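Student: Sharing a structure, written as structure tokens. Questions coming.
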Amino acid sequence: MSATSGDGREPAGDGSHLAGDGPQLVTIGESLARLEGPAVGPLRHARSLDLGVAGAESNVAIGFRRLGGSAAWVGRVGEDEFGRLIQMTLAGQGVDVGHVVVDPAAPTALLIKERRTGRLTRVQYYRSGSAGSRLSPQDVPEDLIRRARVLHVTGITAALSYGAHAAVHAAIDIARAAGVPVSLDLNFRRALWTPAEAGARLKPLVMRSDVVFATEVEARLVTGGADASALAAGLAALGPREAIVKRGALGAVACCDGDLYDEPALPVETLDPVGAGDAFAAAYLAERVLGRRITERLAAGACAGAYAVTVQGDWEGLPSREDLILMRTTDDVVR
Ligand code: KDG
């Protein structure tokens with residue numbers, strides 16, 4: 001049974017002993033209010049919409065936190081109810097929101113999610129000109145990044161605006177100067193830019209990262225290769241020590257220090273695939289910060305991804321450390 005502390009926050013699990021004088025993971029990006037129908041089917045037939053929070057970077061912060069690490073999310077929200085919802089939700093999950101900027105001049109972005117089938121989800125954004133897209137290098141907290149164990153950024157932020165793209169590079173500049181590893185998830189979003197634009201902006205980010213996560217489609221934006229292993233090697237050849245290519249139900253392959261690894265996916269029933277990549281990244285990074293081997297990082301990533309897809313919501317199904325162990329150690333239905 002999980003307990004909450006007096007302030008309603010979820011407690012950290014194993015691994016919190018590593019927490020130093022600042023959050024271990026710092027991530028920067030845009031979080032959005034999320035509206036989705038309560039059931040699978042065309043949204044026009046929904047009589048009500050559920051309200052929640054989305055955002056690739058904040059999903060990773062929550063996932064990392066659930067596995068016992070400490071995490072901060074940095075971004076801009078509007079001075080509105082959706083902005084308050086994002087701050088309240090992340091704080092409730094134990095994520096540090098002390099460096100979030102409240103922007104009175106622009107609204108918090110909105111994401112509408114339509115689960116057309118169990119496996120197919122359509123997403124529509126209302127984020128052009130949003131507070132989050134007005135992120136700039138001035139919003140990047142230098143001290144927080146310098147003290148972190150990993151900086152995590154995504155291609156989504158780089159797509160939002162000139163300033164947001166510059167903010168990602170500014171954060172990487174700080175991390176690299178301080179010897180903090182940089183983690184990048186390419187997270188290509190077709191609604192935000194073309195493949196050509198994405199490739200041009202993502203490649204320099206890959207070259208400045210230590211750990212890169214991509215799907216096969218995303219990897220092909222910046223490198224070539226006949227299969228997932230070749231793509232992982234191609235990504236690693238651009239600079240990162242660790243390149244992970246995620247293949248959904250087929251698992252993941254990684255190229256780490258020149259060696260290739262293959263991690264199978266866990267067989268689960270998919271209810272909502274959105275957020276699986278963030279779950280993978282969160283678990284991989286949580287194990288990395290704990291000094292675990294690449295095989296353990298990949299296994300944790302696959303397990304977290306499996307948990308994420310079984311639950312409706314972008315982050316709600318993210319596992320605790322106890323959950324990870326349960327899925328790996330028993331076949332019993334009642335646990
Ligand atoms: O990876 C899941 C995210 O894509 C989702 O939570 C929303 O950040 C988001 C986006 O921009 O699509």
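The values are calculated or read from the model by the stated rules, or taken from the named source; none is laboratory data. Note that this is a predicted model, so its numbers are computed, not measured. Quick reminder, even Gly has a Cβ in these numbers, built from the backbone with ideal geometry, and neighbours come from all protein chains shown.
Student: Please identify the pairs in which a residue from the range 118-129 that is closer than 16 Å to Ala54 by Cβ and without any contact (Cβ under 8 Å) to a residue 60 or more places away in the chain has its Cβ atom under 7 Å from the Cβ atom of a residue that is among the hydrophobic types (A, V, I, L, M, F, W, C) and within 12 Å of the ligand (Cβ to nearest atom), counting only partners at least 6 apart or on another chain.
Tutor: Tyr126/Ala109; Tyr126/Leu110
Student: Give the residue that is farthest from the ligand (Cβ to nearest atom), with candidates limited to residues of the range 288-307 that are touching a Gly at 6+ places or on another chain (Cβ under 9 Å) and in contact (Cβ under 8 Å) with a residue 40 or more places away in the chain.
Tutor: Leu290
Student: Within the range 322-333, does at least one residue satisfy the condition of being assigned to a helix (DSSP H, G or I), of a type in the set (Val, Ile, Thr) and farther than 30 Å from Leu35 by Cβ? Lay out the reasoning, then the answer.
Tutor: Initial filter on the range 322-333 (assigned to a helix (DSSP H, G or I)): 322-329.
Among the residues that remain, those that are also of a type in the set (Val, Ile, Thr) are: 325, 329.
Within this subset, residues satisfying the condition of being farther than 30 Å from Leu35 by Cβ are 325, 329.
Yes, the range 322-333 contains at least one residue that is assigned to a helix (DSSP H, G or I), of a type in the set (Val, Ile, Thr) and farther than 30 Å from Leu35 by Cβ.
Student: Something else now. Spot the failing condition for Gln87; the list is (1) crowded, with 17+ Cβ neighbours inside 10 Å; (2) touching a residue at least 24 places away in the same chain (Cβ under 8 Å), and only one is missed.
Tutor: (2)
Student: Looking at Gly37, Gly29, Gly41, Gly52, can you tell me which residue is within 11 Å of the ligand (Cβ to nearest atom) and more than 11 Å from the chain's Cα centre (by Cα)? Let's see the steps before the verdict.
Tutor: Numbers: Gly37 fails: within 11 Å of the ligand (Cβ to nearest atom); Gly29 fails: more than 11 Å from the chain's Cα centre (by Cα); Gly41 fails: within 11 Å of the ligand (Cβ to nearest atom).
It is Gly52.
Rundown of residues vs (1) modelled with pLDDT under 95; (2) within 18 Å of Arg189 (Cβ to Cβ); (3) among the basic types (Lys, Arg), yes/no style:
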{"residue": "Leu32", "(1), (2), (3)": "no, yes, no"}
{"residue": "Glu36", "(1), (2), (3)": "yes, yes, no"}
{"residue": "Gly41", "(1), (2), (3)": "yes, no, no"}
{"residue": "Ala56", "(1), (2), (3)": "no, yes, no"}
{"residue": "Ile62", "(1), (2), (3)": "no, no, no"}
{"residue": "Leu67", "(1), (2), (3)": "no, no, no"}
{"residue": "Ala71", "(1), (2), (3)": "no, no, no"}
{"residue": "Leu85", "(1), (2), (3)": "no, no, no"}
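Student: If you go through the range 256-288, how many residues are closer than 18 Å to Ser58 by Cβ and at pLDDT 95 or above?
Tutor: Residues meeting the conditions: 10.
One line per residue, one yes/no per condition, for (1) assigned to a helix (DSSP H, G or I); (2) crowded, with 23+ Cβ neighbours inside 10 Å; (3) within 15 Å of the ligand (Cβ to nearest atom); (4) over 18 Å from the mean Cα position of the chain (by Cα):
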residue	(1), (2), (3), (4)
Lys113	no, no, yes, no
Thr117	no, no, no, yes
Val123	no, no, yes, no
Ser128	no, no, yes, yes
Asp143	yes, no, no, yes
His152	no, yes, yes, no
His165	yes, no, yes, no
His169	yes, no, no, no
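Student: Could you please find all residues in the range 186-199 being assigned to a loop (DSSP other than H, G, I, E, B), surrounded by fewer than 22 Cβ atoms within 10 Å (Cβ to Cβ) and touching a helix residue (DSSP H, G or I) at 6+ places or on another chain (Cβ under 8 Å)? Even if it seems obvious, please write down each step before you answer.
Tutor: Residues of the range 186-199 assigned to a loop (DSSP other than H, G, I, E, B): 186-194.
From what is left, the residues that are surrounded by fewer than 22 Cβ atoms within 10 Å (Cβ to Cβ) are 189-194.
Scanning the range 186-199 gives Arg189, Leu192, Trp193.
Student: So is Phe188 within 29 Å of Gly68 (Cβ to Cβ) and not aliphatic (A, V, I, L, M) or not?
Tutor: Values: within 29 Å of Gly68 (Cβ to Cβ): no; not aliphatic (A, V, I, L, M): yes.
It is false that Phe188 is within 29 Å of Gly68 (Cβ to Cβ) and not aliphatic (A, V, I, L, M).
Student: What are the pairs, 6+ residues apart or on separate chains, where a residue within the range 179-199 that is in contact (Cβ under 8 Å) with a residue 60 or more places away in the chain and within 12 Å of the ligand (Cβ to nearest atom) has its Cβ under 7 Å from a residue that is in a strand (DSSP E or B) and of a type in the set (Ser, Thr, Tyr)?
Tutor: Asp185/Thr154; Asn187/Thr154; Ala191/Tyr125
Student: Restricting to the range 1-26, give me the number of residues that are over 16 Å from Leu285 (Cβ atoms), under 24 Å from the mean Cα position of the chain (by Cα), modelled with pLDDT under 50 and of a type outside the set (Val, Ile, Thr).
Tutor: The number of residues fulfilling the criteria is 6.
Student: Inspect all residues belonging to the range 297-312 and state whether any of them is more than 23 Å from Gly55 (Cβ to Cβ) and of a type outside the set (Lys, Arg).
Tutor: Yes, some residue in the range 297-312 is more than 23 Å from Gly55 (Cβ to Cβ) and of a type outside the set (Lys, Arg).
Student: Please work out if Ser183 is touching a strand residue (DSSP E or B) at 6+ places or on another chain (Cβ under 8 Å), polar (S, T, N, Q), assigned to a loop (DSSP other than H, G, I, E, B) and surrounded by 24 or more Cβ atoms within 10 Å (Cβ to Cβ).
Tutor: Working: touching a strand residue (DSSP E or B) at 6+ places or on another chain (Cβ under 8 Å): yes; polar (S, T, N, Q): yes; assigned to a loop (DSSP other than H, G, I, E, B): no; surrounded by 24 or more Cβ atoms within 10 Å (Cβ to Cβ): yes.
Here the answer is no, as Ser183 does not meet what is asked.
Student: Next up: Hey, can you tell me all the residues within the range 55-87 that are among the small types (Gly, Ala, Ser) and either in a helix (DSSP H, G or I) or within 12 Å of the ligand (Cβ to nearest atom) (or both)?
Tutor: Gly55, Ala56, Ser58, Ala61, Gly63, Gly75, Gly83
Student: What about Gly98, is it farther than 30 Å from Ala178 by Cβ, more than 16 Å from the ligand (Cβ to nearest atom) and in contact (Cβ under 8 Å) with a residue 24 or more places away in the chain? Steps first, answer last, please.
Tutor: Values: farther than 30 Å from Ala178 by Cβ: no; more than 16 Å from the ligand (Cβ to nearest atom): yes; in contact (Cβ under 8 Å) with a residue 24 or more places away in the chain: yes.
So Gly98 does not fit the description; no.
Student: Additional query: Return the residues of the range 300-319 that are small (Gly, Ala, Ser) and crowded, with 21+ Cβ neighbours inside 10 Å; say none if nothing qualifies.
Tutor: Step one: list which residues in the range 300-319 are small (Gly, Ala, Ser), which gives 300-302, 304-306, 308, 313, 317.
Residues satisfying the conditions are Ala300, Gly301, Ala302, Ala304, Gly305, Ala306, Ala308, Gly317.
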